[in-house]
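The values are calculated or read from the model by the stated rules, or taken from the named source; none is laboratory data. In this text, all values refer to a predicted model and were calculated from it rather than measured experimentally. Glycine also receives a Cβ, built like all others from the backbone with ideal geometry; neighbour counts cover every protein chain displayed. Quick note on the areas: whole protein, heavy atoms, side chains included, nothing else; ligands and nucleic acids left out. Shrake-Rupley method; radii C 1.70, N 1.55, O 1.52, S 1.80 Å.
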Amino acid sequence: MLHTVNKSSFERNSLQSCLNTIDDSSVILLIEDGVISAAKNSKSFMLAELATQGRVYALQGDVEARGISSKLADNIKLVDYAGFVDLVIENGTAVSWV
């Protein structure tokens, strides 16, 4: 299952709620302000284990718009909009955490 998180972990607890409910087959896509959680020295420690498993993605356009391209935590995979669509197709149902 694909889970999208669009809020910063500094603003809301959407990411933590998502992490509390996902299963071993779930992947997370950070979009909009959610990509802030992918930056080093933010709350990226919450994503570290999943990222090493290749299960955390961030929307490239949103990362670039927020100027954090060079500050991404290790193992966060960037995807463009076509990659977003591929994730939806590959993982079936998408759950949005707002």
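Data table
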quantity	calculated
Selection within segment 49-63 - of a type outside the set (A, V, I, L, M, F, W, C) and under 19 Å from M1 (Cα atoms)	E49, T52, Q53, G54, R55, Y57
Residue within segment 56-63 that is polar (S, T, N, Q), over 13 Å from the mean Cα position of the chain (by Cα) and surrounded by 13 or more Cβ atoms within 10 Å (Cβ to Cβ) present	no
Residues located in segment 64-90, provided they are open to solvent by less than 40 Å² (accessible area, probe 1.4 Å), over 14 Å from M1 (Cα atoms) and in a helix (DSSP H, G or I)	G83
Which listed residue is more than 17 Å from L78 (Cα to Cα) and of a type in the set (D, E, K, R), from R12, R55	R12
Segment 7-26 residues that are in contact (Cβ under 8 Å) with a residue 40 or more places away in the chain and part of a loop (DSSP other than H, G, I, E, B), paired with ones that are open to solvent by 100 Å² or more (accessible area, probe 1.4 Å) and not hydrophobic (A, V, I, L, M, F, W, C) (beta carbon under 9 Å, 6 or more apart)	K7/N13
Residue in segment 37-49 that is surrounded by the most Cβ atoms within 10 Å (Cβ to Cβ), counting only those that are in a helix (DSSP H, G or I) and within 9 Å of the chain's Cα centre (by Cα)	A38
Filter pass, T93 being without any contact (Cβ under 8 Å) to a residue 24 or more places away in the chain, polar (S, T, N, Q) and open to solvent by 60 Å² or more (accessible area, probe 1.4 Å)	no
